[in-house]
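**Student:** Sharing a structure here in structure tokens format.
The values are calculated or read from the model by the stated rules, or taken from the named source; none is laboratory data. Keep in mind it's a predicted model, so treat the numbers as computed, not measured. For neighbour counting, all protein chains shown are included, and Cβ atoms are generated from backbone atoms with ideal geometry for every residue, glycine included.
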Amino acid sequence: MNPNENIRQAVLDGDASGAAALARVRLDAGLSPLEALDPFIAAIREAGDRFELGDFFLPQLLMASQAMRAALEVIFPPGQAGPTLSRGTVVAGTVQGDIHEIGKSLVCALLQAHGFTVVDLGGDVSADRFIEQIRAVNPDLLALSALLTTTMIQQKMLLDRLAQEGLRDRVKVLVGGAPVTTQWARDIGADGYAPDAARAVDLALKLVEK
Amino acid sequence: MPSRHPKFEIIPRALVEDIIGEAFDVLARVGLFVENREAYDLLTAHGGRPAGPVDPDKGTGKLTLPIAMVEELLELAPNQIRLKDLRGETEVTLAPGRTHFDPGSAALFLHDPAAGVIRRPATADLRRYVRLVDRLPHYHLQSTALVSGDVPGPCSDSYRLYLALRYGRKPVVTGTFRKESFAVMREMLETVRGGAGALAQFPPAIFDACPSPPLMWSDLTSQSVMDAARAGLPSEFVSMPLTGSTAPITLAGALVQHAAETLAGVVLAQAAQPGAPVIWGGSPSAMDLRFGTTPMGAIETMMIDASYAAVGRFLDLPTHAYMGLSDAKQVDYQAGLESGLGIILAALAGINVVSGAGMLDFENCQSLEKLVLDHEACAMAYRMLRGVERRDEVMALDLLAELPAGGHLLTHPHTLKWYREEILVPGKALDRRARGADNLADLPTAAQRAQQEVERLLAAPEEPWLDEAVIRELDRIMEAELRAAGAAGLPKG
Ligand code: B1M
């Protein structure tokens, strides 16, 4: 049997308190934070893969992400200095004037499930707020969702703003949402476009590797 | 002899009453968020009570709406709406016993079989679409079905209305994507109707406005409801509980939420303008929890639609639903299955405005071929609604008594008298011929036949409906709007 089967089960079952307790056991056993985290990452990746296969449902995936987060908070208590997990940090939001949030939240959940640290600013997020958060969090990625033809333009305006503020080179920009296309992403100078949450994760992984 | 229109009752009356009762309680005890300052103040002035902190910047927040307040304002809503086409000639009445079909609205993409792709549409596509709707008689309304990709984003809502007015004749189901657009859209409608008074008397358009589930009226859509109420234009509330995501997973729970959000819309419209025309509509979805998508073709989606329509009818309001559309990406069996079911169920449920024809891919894509095929389903629905009519006192006995062995009725006076009225003759897109070939390649599919129909229907010359002066004025208004948004002028096409 997989020695970490109980961890795998806790994450896949979405058992947050179980996952936290198992994380504590690993730290108490003297493992380094990154070693302690390993089996959790494997488990959450399995959850993500099973979701993509249509075998795991959204509620299960979100529960698994919550269990993952509970374990993470034990291993890397928030607000403390020291090593952080991460595939990378993402600041995400739906652009100004647009309150469609479900797709963006799904992208965020999947990014989290794959080990990204996500700061989700919600819907109808102003350019000022994105800029402020980029300065504060210094993310690797900026994920911008837009569901309306009237609000897509905000993605471009934000990219222009980033350039003006001298921030464009500090962050990779990923765009998505129903009206958004590869061509649009290219036209506005984004680093990538993904048609759905699973492909957003693939792209995010590629972008942080570069 | 009068016939009985077939009907079906999806939920019993007692459940309808319980849903309404609980929705009133939701508004009175839980409340809802109102993100528009003017709407917040207006509702407060009518008895709404602050139920949480007020956003210091926006001056908005959560309100509870007492039962008596909701009842009082609900009472003011008219129980029927009389629309007229753009020339003010044909009337479309939203009242019990009337069902009107129109295409699904605001698709981002066009299914283009000639080019073999799904792509963003442009002016010429919208023009073809509007003209096709005009030529299909079972669509009593048109909608601003596609969003043109060749104009600046901020104009994409008003520009689609402009094209519907410029090239169509039927009343239009439309809506704003941003607050500022209402003014220019109203101006174009007034131009067509010849003034504000005439606009309110026989509106040529309906404005869709979506509450944001769960239990919120956004800044944009609250504004649209108030603006439309004051202009005398009907607001069609499009509440979209997504089961298990932004609404309870149970169909009954989603129905309570739908009723609460929609009652709040009725209340807001009546507070803005007593007697404002409103439509009890929606576009719920039984969310697919595997893929996180919002299926419109799910049977549970249609069950919620038919049920909330029963709630709306109980409240004596005109009703609407998003039915007759499909989540398929091609004009295929799934598209036909989901759309046909929706159209027939909507007709049986007695829904007044049924939006969705032509649509694929969860409300994201429109297809001219599917519009033609869905039109056949609408024809069948109307035929079904006429019911089985008893034409003769003695229905068959005499005829059968006359018939010799092996005889037929093909030329019998009774056949000649009734065959055109009894049996619907479908259009060319449906195949009822004997099979003429064995090779599959020689047997065109429904989508291929529909494609030919589209071209045949569009080959007829364009008929100008509006006076030259009105057209010039529409062009002027739209051009100014486009230029203000940075475009060089009206797109060609
Ligand atoms: C950063 O990287 C990435 C990468 C990938 C990314 C990404 C970011 N973001 C998304 N993705 C991608 O991954 C996700 C998961 O796979 C996917 O996300 P999606 O968001 O596409 O998918 C979600 C998981 C499920 N899908 C959704 O959640 C959207 C579904 C539909 C039906 C929809 C909904 C639910 C809503 N709506 Co609205 N809505 C529609 C939508 C039609 C449709 N079926 O797409 C659409 C987008 N809406 C539309 C409209 C018109 C409107 N809506 C409005 C309001 C709403 C609700 C609030 C009621 C509700 C949103 C609730 C919420 N909290 O999010 C209004 C606007 C409000 C505003 N200012 O934002 C209003 C203007 C209607 C009105 N007049 O009131 C249309 C847009 C037309 C246009 N030209 O832009 C629309 C296509 C429906 C239609 N045909 O009318 C991918 O796109």
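**Student:** Spot the failing condition for B:Thr191; the list is (1) surrounded by fewer than 24 Cβ atoms within 10 Å (Cβ to Cβ); (2) closer than 16 Å to B:Lys84 by Cβ; (3) within 17 Å of the chain's Cα centre (by Cα), and only one is missed.
**Tutor:** (3)
**Student:** Could you run through the stretch A:182-197 and say how many residues are touching a residue at least 24 places away in the same chain (Cβ under 8 Å), more than 8 Å from the ligand (Cβ to nearest atom) and within 21 Å of the chain's Cα centre (by Cα)?
**Tutor:** Selection size over the stretch A:182-197: 1.
Results for (1) in contact (Cβ under 8 Å) with a residue 12 or more places away in the chain; (2) more than 7 Å from the ligand (Cβ to nearest atom); (3) over 22 Å from the mean Cα position of the chain (by Cα), shown as yes or no for each residue.
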residue: A:Leu147; (1), (2), (3): yes, no, no
residue: A:Ile153; (1), (2), (3): no, yes, yes
residue: A:Asp160; (1), (2), (3): no, yes, yes
residue: A:Ala163; (1), (2), (3): no, yes, yes
residue: A:Asp169; (1), (2), (3): no, yes, no
residue: A:Lys172; (1), (2), (3): yes, yes, no
residue: A:Val180; (1), (2), (3): yes, yes, no
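Matching residues to (1) over 22 Å from B:Glu35 (Cβ atoms); (2) in contact (Cβ under 8 Å) with a residue 24 or more places away in the chain; (3) within 9 Å of the ligand (Cβ to nearest atom); (4) small (Gly, Ala, Ser):
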{"position": "B:Lys170", "(1), (2), (3), (4)": "yes, yes, no, no"}
{"position": "B:Arg193", "(1), (2), (3), (4)": "yes, yes, no, no"}
{"position": "B:Ala200", "(1), (2), (3), (4)": "yes, yes, no, yes"}
{"position": "B:Ile206", "(1), (2), (3), (4)": "yes, yes, no, no"}
{"position": "B:Val238", "(1), (2), (3), (4)": "no, yes, yes, no"}
{"position": "B:Pro241", "(1), (2), (3), (4)": "no, yes, no, no"}
{"position": "B:Leu251", "(1), (2), (3), (4)": "yes, yes, no, no"}
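**Student:** Please go through the stretch B:2-29 and give me each residue that is at pLDDT 95 or above and loosely packed, with under 15 Cβ neighbours inside 10 Å, ordered by number.
**Tutor:** Listed by number, the residues that qualify are B:Pro12, B:Arg13, B:Ala14, B:Glu17, B:Gly21, B:Asp25, B:Arg29.
**Student:** Hey, does the stretch B:313-320 have a residue that's within 24 Å of A:Thr149 (Cβ to Cβ) and not polar (S, T, N, Q)?
**Tutor:** Within the stretch B:313-320 (the criterion being within 24 Å of A:Thr149 (Cβ to Cβ) and not polar (S, T, N, Q)), the answer is yes, since at least one residue qualifies.
**Student:** Among the candidates B:His46, B:His5, which residue alone is under 30 Å from B:Ala381 (Cβ atoms) and not small (Gly, Ala, Ser)?
**Tutor:** B:His5
**Student:** Is it the case that the stretch A:186-194 has a residue that's assigned to a helix (DSSP H, G or I) and surrounded by 22 or more Cβ atoms within 10 Å (Cβ to Cβ)?
**Tutor:** no
**Student:** Looking at (1) away from the ligand (no atom under 11 Å from the Cβ); (2) buried (at least 23 other Cβ atoms within 10 Å of the Cβ); (3) of a type outside the set (Ser, Thr, Tyr), which is the only condition B:Asp316 fails?
**Tutor:** (2)
**Student:** Give the stretch B:110-134 a look and list any residue that's in contact with a Lys or Arg (Cβ under 8 Å, 6 or more places away or on another chain) and among the acidic types (Asp, Glu), or say none.
**Tutor:** B:Asp112, B:Asp134
**Student:** Among the residues that make up the stretch A:101-121, is at least one of them surrounded by 18 or more Cβ atoms within 10 Å (Cβ to Cβ) and over 21 Å from A:Ala194 (Cβ atoms)?
**Tutor:** Checked against the condition, which is being surrounded by 18 or more Cβ atoms within 10 Å (Cβ to Cβ) and over 21 Å from A:Ala194 (Cβ atoms), the stretch A:101-121 yields no hits at all.
**Student:** Out of curiosity, is A:Leu58 closer than 25 Å to A:Arg199 by Cβ and either at pLDDT 90 or above or hydrophobic (A, V, I, L, M, F, W, C) (or both)? Even if it seems obvious, please write down each step before you answer.
**Tutor:** Details: closer than 25 Å to A:Arg199 by Cβ: yes; either at pLDDT 90 or above or hydrophobic (A, V, I, L, M, F, W, C) (or both): yes.
Here the answer is yes, as A:Leu58 does meet what is asked.
**Student:** Follow-up question, since we're still on this one. Could you check, for the stretch B:275-282, whether at least one of its residues is surrounded by fewer than 22 Cβ atoms within 10 Å (Cβ to Cβ), at pLDDT 95 or above and within 14 Å of chain A (Cβ to nearest Cβ)?
**Tutor:** Checked the stretch B:275-282: no residue is surrounded by fewer than 22 Cβ atoms within 10 Å (Cβ to Cβ), at pLDDT 95 or above and within 14 Å of chain A (Cβ to nearest Cβ).
**Student:** Still on this structure, please answer the following. Where in the stretch A:1-65 are there helices (runs of 4 or more DSSP H), lying fully within it, with 3 or more residues that are under 16 Å from the mean Cα position of the chain (by Cα) and surrounded by 15 or more Cβ atoms within 10 Å (Cβ to Cβ)?
**Tutor:** A:33-52
Results for (1) within 14 Å of chain B (Cβ to nearest Cβ); (2) assigned to a loop (DSSP other than H, G, I, E, B); (3) under 24 Å from A:Arg87 (Cβ atoms), shown as yes or no for each residue.
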residue	(1), (2), (3)
A:Ile131	no, no, yes
A:Ile134	no, no, yes
A:Leu144	no, no, yes
A:Gln154	yes, no, no
A:Gln183	yes, no, no
A:Arg199	yes, no, yes
A:Asp202	no, no, yes
A:Leu207	no, no, yes
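**Student:** On the basis of being among the aliphatic types (A, V, I, L, M), surrounded by fewer than 22 Cβ atoms within 10 Å (Cβ to Cβ) and outside any loop (DSSP other than H, G, I, E, B), does B:Ala115 make the cut?
**Tutor:** no
**Student:** Could you grab me the full set of residues in the stretch B:59-110 that are more than 22 Å from the chain's Cα centre (by Cα), away from the ligand (no atom under 16 Å from the Cβ) and assigned to a loop (DSSP other than H, G, I, E, B)?
**Tutor:** B:Gly59, B:Leu65, B:Pro66, B:Glu75, B:Leu76
**Student:** Filter the stretch A:140-153 down to residues that are at pLDDT below 95 and of a type outside the set (A, V, I, L, M) and give me whichever is farthest from A:Val107 (Cα to Cα).
**Tutor:** Within the stretch A:140-153, the match that is farthest from A:Val107 (Cα to Cα) is A:Thr150.
**Student:** Pick from B:Leu268, B:Leu220: which is within 16 Å of the ligand (Cβ to nearest atom), at pLDDT 95 or above and surrounded by 24 or more Cβ atoms within 10 Å (Cβ to Cβ)?
**Tutor:** Going through B:Leu268, B:Leu220 in turn, just one is within 16 Å of the ligand (Cβ to nearest atom), at pLDDT 95 or above and surrounded by 24 or more Cβ atoms within 10 Å (Cβ to Cβ): B:Leu268.
**Student:** Which residue, of B:Val184, B:Val172, B:Val147, is within 10 Å of another protein chain (Cβ to nearest Cβ) and closer than 25 Å to B:Pro464 by Cα?
**Tutor:** Result of the check over B:Val184, B:Val172, B:Val147: B:Val147.
**Student:** Kindly evaluate B:Ile81 against the criterion of being closer than 30 Å to B:Gly47 by Cβ, touching a helix residue (DSSP H, G or I) at 6+ places or on another chain (Cβ under 9 Å), β-branched (Val, Ile, Thr) and more than 14 Å from every other protein chain (Cβ to nearest Cβ).
**Tutor:** no
**Student:** Could you grab me the full set of residues in the stretch B:411-430 that are surrounded by 13 or more Cβ atoms within 10 Å (Cβ to Cβ) and in a loop (DSSP other than H, G, I, E, B)?
**Tutor:** B:His412, B:Leu424, B:Pro426, B:Gly427, B:Lys428, B:Ala429, B:Leu430
**Student:** What number of residues within the stretch A:7-33 satisfy the criterion of being over 20 Å from A:Leu61 (Cα atoms) and among the acidic types (Asp, Glu)?
**Tutor:** Of the residues in the stretch A:7-33, 1 are over 20 Å from A:Leu61 (Cα atoms) and among the acidic types (Asp, Glu).
**Student:** Now for a separate question. Within the stretch B:41-49, is there a residue that is without any contact (Cβ under 8 Å) to a residue 24 or more places away in the chain, within 14 Å of chain A (Cβ to nearest Cβ) and part of a strand (DSSP E or B)? First the steps, then the outcome.
**Tutor:** The initial filter retains those residues of the stretch B:41-49 that are without any contact (Cβ under 8 Å) to a residue 24 or more places away in the chain, namely B:41, B:44, B:47-49.
Next cut, within 14 Å of chain A (Cβ to nearest Cβ) only: none.
No - not one qualifying residue is present in the stretch B:41-49.
**Student:** Taking only pairs six or more apart or across chains, which ones have beta-carbon atoms under 6 Å, a first residue in the stretch A:47-73 that is facing chain B (nearest Cβ under 10 Å), and a second residue that is modelled with pLDDT under 90 and in a loop (DSSP other than H, G, I, E, B)?
**Tutor:** Partner pairs satisfying both residue conditions: A:Leu58/B:Gly292.
**Student:** Among the numbered conditions (1) of a type outside the set (Gly, Ala, Ser); (2) surrounded by fewer than 22 Cβ atoms within 10 Å (Cβ to Cβ); (3) within 16 Å of the ligand (Cβ to nearest atom); (4) at pLDDT below 90, tell me where A:Gln96 comes up short.
**Tutor:** Among (1) of a type outside the set (Gly, Ala, Ser); (2) surrounded by fewer than 22 Cβ atoms within 10 Å (Cβ to Cβ); (3) within 16 Å of the ligand (Cβ to nearest atom); (4) at pLDDT below 90, the lone unmet condition for A:Gln96 is (4).
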